Structure formats: C-alpha cells, structure tokens
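Have a look at the structure below, then the notes.
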Amino acid sequence: MRFSHYRDKDQAEVDLVIERGQELWGVEVKRAASVQAKDAAGLARLADQAGKHFQGGMLIYTGRHCLKLKVPGCYAVPIGMLWGEEPGVFMSSETARQALTGQEQ
C-alpha cells in the first residue's frame, strides 16, 4: 500500500491518495460544515486521470450528514463518524475522547 497526495497543473488537489497495486482511492478533507460541488473537483480530476483504477473517495467535512457526491463512488462523510458519531447526531468532545481511548469516567 502506498500513500501520497495529488495536485495537477491547474492546482486541483486531493489531500490523500491511497494506492494498492493499480487501485486507488482519494480522500479530501474540508474544514466546512457544508459541501459545495467545487469541493469535489480534486476527486473528480483524480478519478478522470486514474480511469478504471479509481475505486472511489471520501470528502471528510464538519457537517452532520453523509452525502453522495457527483463523482462516482465518492461520498461526503462527517468527520465525527471517524470516532463513532452517528450521522446527524452531535457527539461531545469528551465522549469522542472516551470513544477513541476506550476510557470511561
């Protein structure tokens, strides 16, 4: 497995590209609570460049809902889901810390 990033001459970029053999996935991270079409431009460009090798991607953002993007196989995913938060449900920072560390108070 190999990890890298993608940026082309037009400055379209993807924060993390994960490669396994000829298959690849893209991960874009945004600090916004909403997603706009332009936010997936880097994933779209990566998908075009990779062709059949592109397996999908994720745009991680601070919002509350999983959204299907126009780029095939790509979704916007709330960052809170990385530590167990249910989509649309707020998790406090203390609860997130406990979930990550396996500790209870």
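The table below gives the values:
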item: Verdict on V27 being assigned to a strand (DSSP E or B) and either hydrophobic (A, V, I, L, M, F, W, C) or within 25 Å of E85 (Cα to Cα) (or both); result: yes
item: Residue identified as modelled with pLDDT of 95 or more, surrounded by 14 or more Cβ atoms within 10 Å (Cβ to Cβ) and on the phi > 0 side of the Ramachandran plot among G73, G42, G26; result: G73
item: Candidate set from region 41-68 (those that are without any contact (Cβ under 8 Å) to a residue 12 or more places away in the chain and in a helix (DSSP H, G or I)); member that is nearest to the chain's Cα centre (by Cα); result: D48
item: Members of region 1-37 found to be among the aliphatic types (A, V, I, L, M) and free of Cβ contacts under 8 Å to residues at least 24 places away in the same chain, listed by number; result: M1, L16, I18
item: Check on L82, among the hydrophobic types (A, V, I, L, M, F, W, C), within 12 Å of the chain's Cα centre (by Cα), modelled with pLDDT under 85 and within 19 Å of D15 (Cβ to Cβ); result: yes
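The values are calculated or read from the model by the stated rules, or taken from the named source; none is laboratory data. Here the structure is a predicted model, which means the values were calculated and not measured. Glycine gets a Cβ as well: all are built from the backbone with ideal geometry, and neighbour counts include every protein chain shown.
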